[in-house]
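Below is one structure, written out as structure tokens, with a few remarks after it.
The values are calculated or read from the model by the stated rules, or taken from the named source; none is laboratory data. In this text the structure is predicted, and so the values were computed from the model without any measurement. Every residue, glycine among them, receives a Cβ derived from its backbone with ideal geometry; neighbour counts consider all protein chains shown.
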Amino acid sequence: MPTEKSTHGFISRLKRSSKDIPDNPLNTGASRRSFHLGKSAKATVSIALVIVILVGCFAFFPRGEQASGIPEKTVEPTATSNATNQPTATPTYSNNPTKAPVNGFQQIIDAFSGKDRSSQVVTNSDVLNSTVWRKVAAYSWNYFQPGKGVDTRTGLPASGDTVSFFTDWDVGVYIQAIIDAQTIGLIGSDGPWGSSARIEKILVFLETRELNSAKYPYWFYVNDGTVYHELSDQATETCNTADTGRLLVALNNLKAFNSTFAGRVDNLVYNSNGNRSNYAVLVPGFKAESQVSTSTYAYYVISGFASFWPSELKGAPARIINNIMSAPTVKTPENVTLPNSRLTEDPILCSIFEIKNNPPQLLTLSEQAYIAHEAYYNATNQYRAFGEGNTFSDAWAYEWVVYDGRTWVVRDGNQDLNISPIVYTKVAFSFLAVYNTAFARNMVTYIEDKMVNPTDGYSNGIDEAGSLLVATGLHTNGLILSAARYAIQNNP
């Protein structure tokens, strides 16, 4: 079985041509195994006992189952689904997608092995409603508890459960997680770890942190507030604009969520005091990039800048979506037609959950990408949930539904990765929140069945060979929180 490594891959997101998409700089793989000898031995004994017991009664039990800085970062579809730029097949939404039958054989094995399935809230629920999604959100929020994914002294986040550093992208994820947690009702605004206190700690850090010689943020910081030079010193750019764009999305949402912070956010972003970063000089480059880009990451990141420079970047995000939707098409091996672009799920899902007034074509594009995933399952009987994240090696994977004329491409920086693709937990839960289909529910059930109890948040995923990525992380649990909030607001 593959195991996660404790070393971290890192890749620059910046200084690429207009055709290239910079990548996420960080791998938060953890050196943790999902099984222990004691448990394995116990399970072996238990299964042997179950086999003896079931010899005479087996038949009674039913069967079951960046130009500068943009990152790399029911009608049910069948194997012949033909999603086009105006797809005719769309997911069938349901308040109660099919629930997998109870497996009596598995229940008896669980009883003997002592496996606790109480945390499998989707699997255990007859109807997926706001109560169920609040339970999902609560498990995700576990990651952001002080002493787990948040430093108890500074209130700053860690990108993964076994690392202590973070990027501006991660700060944006954490801000959005706080907003989502209060919106769902997991925390209030008051108290030492309420939303106001948490946000205050983040803003103080952003207002006072050490900057590089060009007065832009370092690539990585430690969650004690200091610069993490081991990785930051390997950056080749003065400003990681991809991470900045993601942070700006969250800061804009913070202004709408709690207006008492709006003045400080504006002072920070616009450099009102002259001692922070001059982000305004980057805006013309983004305007030019929007004319040619067909990257879903570009749409998301430039949307962050456009929220603070709406006049200068008016129409820029929409142009990128138009570029994508008017591009030539490619077909997956399952015969699903998609725009020839750079298309992956994380920026699409983040945009749906976090950005208001998305152009309608974004939702069309999202449905096309979803249909491709379901068509792949129908053709192969293998779940797929393409996104970005850590792997069982040093590599940080970017799983592209479409990448420059190819489909189902997994890359690490500028090279393809020959690995079993990861079924990312955050993407599976997000599919369920947005589309609420039997396919999405069954995929989440499959993941819940293999996952450890999410007392510290949900694990990052399972590769398509069935091996569990035990590590938990900010990216995974932040997106699941947003998905839960979206589902609660749209399907109460």
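Of note:
For (1) over 18 Å from Glu354 (Cβ atoms); (2) over 22 Å from the mean Cα position of the chain (by Cα); (3) crowded, with 22+ Cβ neighbours inside 10 Å; (4) hydrophobic (A, V, I, L, M, F, W, C), each residue gets a yes or a no:
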| residue | (1), (2), (3), (4) |
| --- | --- |
| Ser118 | yes, yes, no, no |
| Val121 | yes, no, no, yes |
| Phe144 | no, no, yes, yes |
| Thr152 | yes, yes, no, no |
| Leu156 | yes, no, yes, yes |
| Leu203 | yes, yes, no, yes |
| Glu210 | yes, yes, no, no |
| His229 | yes, yes, no, no |
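- Options Ser393, Ser366; residue that is within 14 Å of Val336 (Cβ to Cβ) and crowded, with 18+ Cβ neighbours inside 10 Å: Ser366
- Checked against (1) under 20 Å from Ile302 (Cα atoms); (2) over 27 Å from the mean Cα position of the chain (by Cα); (3) assigned to a helix (DSSP H, G or I), Asn271 meets all criteria but (3).
- Scanning segment 175-218 for residues that are aliphatic (A, V, I, L, M) and assigned to a helix (DSSP H, G or I) yields Ile175, Ala177, Ile178, Ile179, Ala181, Ile184, Ala197, Ile199, Ile202, Leu203, Val204, Leu206.
- Residues within segment 459-492 that are assigned to a helix (DSSP H, G or I) and surrounded by fewer than 19 Cβ atoms within 10 Å (Cβ to Cβ), tallied: 2
- Contact annotation: residue pairs with Cβ atoms under 8 Å, 6 or more positions apart or on different chains, pairing a residue in segment 170-188 that is more than 17 Å from Trp219 (Cβ to Cβ) with a partner that is acidic (Asp, Glu), are Gln176/Glu354.
- Taken together, the residues in segment 374-403 that are in a loop (DSSP other than H, G, I, E, B), at pLDDT below 95 and not polar (S, T, N, Q) amount to 3.
- Residue list for segment 318-359, filter: surrounded by fewer than 17 Cβ atoms within 10 Å (Cβ to Cβ) and farther than 23 Å from Trp169 by Cβ: Asn322, Ser326, Ala327, Pro328, Thr329, Lys331, Pro333, Asn335
- Within segment 321-340, the presence of a residue that is of a type in the set (D, E, K, R), out of contact with any Gly (no Cβ under 6 Å at 6 or more places or on another chain) and farther than 22 Å from Thr407 by Cβ is excluded.
- Residues that are under 14 Å from the mean Cα position of the chain (by Cα) and of a type in the set (D, E, K, R), drawn from segment 371-408: Glu388, Glu399
- Pairs linking a residue in segment 294-317 that is closer than 19 Å to Pro339 by Cα to a residue that is among the acidic types (Asp, Glu) and surrounded by fewer than 24 Cβ atoms within 10 Å (Cβ to Cβ), with Cβ atoms under 7 Å and 6 or more positions apart or on different chains, are Ala298/Glu289.
- Residues located in segment 427-458, provided they are among the hydroxyl-bearing types (Ser, Thr, Tyr) and either touching a Pro at 6+ places or on another chain (Cβ under 9 Å) or crowded, with 24+ Cβ neighbours inside 10 Å (or both): Ser430, Tyr435, Thr437, Tyr458
- Count - residues of segment 320-336 that are touching a Phe, Trp or Tyr at 6+ places or on another chain (Cβ under 9 Å) and over 16 Å from Leu363 (Cβ atoms): 4
- Among the residues making up segment 231-243, those that are within 22 Å of the chain's Cα centre (by Cα) and assigned to a helix (DSSP H, G or I) are Thr241, Ala242, Asp243.
- Just so you know, in segment 370-390 the residues that are crowded, with 24+ Cβ neighbours inside 10 Å and small (Gly, Ala, Ser) include one that is farthest from Ser430 (Cα to Cα), and it is Ala375.
- Restricted to segment 404-427, and to residues there that are in contact with a helix residue (DSSP H, G or I) (Cβ under 9 Å, 6 or more places away or on another chain) and part of a strand (DSSP E or B), the residue that is farthest from Ala298 (Cα to Cα) is Val423.
- Taking first residues from segment 319-333 that are in a helix (DSSP H, G or I) and of a type in the set (A, V, I, L, M) and partners that are at pLDDT below 95 and surrounded by fewer than 20 Cβ atoms within 10 Å (Cβ to Cβ), the Cβ contacts under 8 Å between residues at least 6 apart in sequence or on separate chains come to Met325/Asn85.
- Residue within segment 346-363 that is charged (D, E, K, R), touching an Asp or Glu at 6+ places or on another chain (Cβ under 7 Å) and part of a helix (DSSP H, G or I) present: yes
- Qualifying residue in segment 190-213 (condition: among the hydrophobic types (A, V, I, L, M, F, W, C), at pLDDT 95 or above, touching a Gly at 6+ places or on another chain (Cβ under 9 Å) and closer than 22 Å to Asn453 by Cα): no
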